[in-house]
1. Hey, can you find the accessible area per residue of segment 39-116 for me, probe 1.4 Å, expressed in square angstrom?
2. Using alpha carbon centroids, what distance separates segment 34-64 and segment 95-110, in Å?
3. Assigning unit charges at the beta carbon (Lys, Arg +1; Asp, Glu -1) and nothing else, what dipole magnitude in debye, to the nearest 20, does segment 60-131 show about its Cα centre?
4. Mind listing which chymotrypsin sites (Phe, Trp or Tyr not before Pro) in segment 81-111 are in a DSSP loop and have 13 or fewer other Cβ atoms within 10 Å?
5. How big is the accessible area of residue 91 in square angstrom, nearest 10, if you roll a 1.4 angstrom probe over the protein chains?
6. On the full set of protein chains, 1.4 Å probe, figure out the accessible area of residue 106 and give it in Å² to the nearest 10.
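The values are calculated or read from the model by the stated rules, or taken from the named source; none is laboratory data. Being a predicted model, the structure only gives us computed values, none of them experimental. Cβ placement follows ideal geometry from the backbone for every residue including glycine, while neighbour counts extend to all protein chains displayed. For the accessible areas, the whole protein counts, side chains as well, though only heavy atoms, and no ligand, DNA or RNA atoms are used. Shrake-Rupley method; radii C 1.70, N 1.55, O 1.52, S 1.80 Å.
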Amino acid sequence: MRRLLISLAVVGALLMIPGTAAAKRPSANCPETNSGYFVVDQDEWWGRTVAGFVAEGIDVYEPGTTTFTDAFDDFSAGAGFGDGQGLYDFIWGPQWAGIDKNHNWLVCMKERPHTPGNPAFFFNGVDDTAH
């Protein structure tokens, strides 16, 4: 009887731990509002990334086109992505997949303070079911 009570207590305690199967998280829910996180889709993530590069003086696109600038190609090559297309592909592929754990095309983004060691194109990102 004592083993049964201990087993029931352990099961009950496990059910109260967030992240277990019994504590399924809701969809499209970022951490607390005062945390600074907000929901974005992949297009908005890229748009804010582009705006961050521009804020750092690196134009991403040639005016009126979707052709990457030499400056963005050079930056991307220097960062190890070969060229602008390589960095674009990384952001839209592996980076996004590493954040969007539930594959619903939504994540929570948080802008970081703009400092010399923290350029305007760096963001925090977590899946939209993170708490």
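1. Values: 4380 Å² over 78 residues.
That works out to 56 Å² per residue.
2. 15
3. Values: 3 positive and 10 negative charges, 73 e Å.
Using Cβ point charges on Lys, Arg, Asp and Glu, segment 60-131 gives about 360 debye.
4. Values: sites: 81, 88, 90, 92, 96, 105; in loops: 81, 105.
Of the chymotrypsin sites (Phe, Trp or Tyr not before Pro), the ones in loops of segment 81-111 whose Cβ has at most 13 other Cβ atoms within 10 Å are 105.
5. Accessible area of residue 91: about 10 Å².
6. 50
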